Amino acid sequence: MTLYTTMGSPLGELLLVGEESATAEGGTALASLSVPGQKHGAVVQDGWIEKPEAFTAIVSQLRAYFDGGLTVFDLEYVASGSDFQRQVWAAVQSIPYGATLTYGDIARQIGAPAAVRAVGAAIGANPLPVVRPCHRVIGAGGTPTGYAGGLQRKQRLLDLEHTGQLT
């Protein structure tokens, strides 16, 4: 059963989509997090059930992150993506708070140094921006590039992680 809720955030209203967790009692495994206007972002579908209480722990962690007090998310995720995407997303997930890597760094880290464009495509298909921190992946020139939620949001998240405050 697909559940959803929305929450206000400094990035706009977020749409959280998940499934009832088999491991966390009353909790939800997060399948998608979308910001307004996000390229390939989720939209509420017929048959989805709005259930804000199922997302309490997720919303709490997101609020703490946006307040500058949380540096690592402890969430259950719905498995998705191809093997290659999951490999890229795992590498992205390992980037520490406040740090950045380039798309080329990720390609080398996963053992596919020639696959920089494929890495970019996999990162662009990340259904969990913010919590799977694709905003920490930057261009080879050291500047933010390519963010499905918009470059302004990417820069704001990077600023948050460097200053502890959203700008």
Worksheet item: Among 3-15, 64-76, 28-40, how do they line up from the highest to the lowest mean number of other beta-carbon atoms within 10 Å?
Response: 28-40, 3-15, 64-76
Item to complete: Please state, to two decimals, what the Cα-based radius of gyration of region 1-92 comes to when divided by 2.2 N^0.38 Å (N = residues).
Response: 1.09
Response to the item:
For Ala140 and Glu53, extending 7 Å from Cα along the Cα-Cβ vector and measuring point to point gives, in nm, a value of 5.4
Worksheet item: Ignoring any ligand, DNA or RNA, what whole percent of the accessible area of region 1-52 comes from carbon and sulfur when the probe is 1.4 angstrom?
Response: 48
Discussion item. As a test, work out the antiparallel percent of DSSP beta bridges whose residues both lie in the chain, rounded to the nearest 5.
Written reply: 70
Worksheet entry | Accessible area per residue in Å² at 1.4 Å probe, computed on region 97-167 | 43
Worksheet entry | Hypothetical label at Ala112: residues of region 126-158 whose amide nitrogen lies under 14 Å (7 Å Cα-Cβ projection) | 126
Fill in: Percentage, to the nearest whole number, of Cα pairs in region 108-167 over 13 Å apart
64
Response to the item:
Across the alpha-carbon set of region 33-167, Rg over Rh with Rh taken as the Kirkwood radius works out to 0.96
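The values are calculated or read from the model by the stated rules, or taken from the named source; none is laboratory data. Owing to the predicted nature of the structure, the values given are computational and were not obtained by experimental measurement. Using ideal geometry, Cβ is built from the backbone for each residue, glycine included, and neighbour counts are taken over all protein chains shown. With ligands, DNA and RNA removed, areas are computed over all heavy atoms of the protein, side chains included. Shrake-Rupley method; radii C 1.70, N 1.55, O 1.52, S 1.80 Å.
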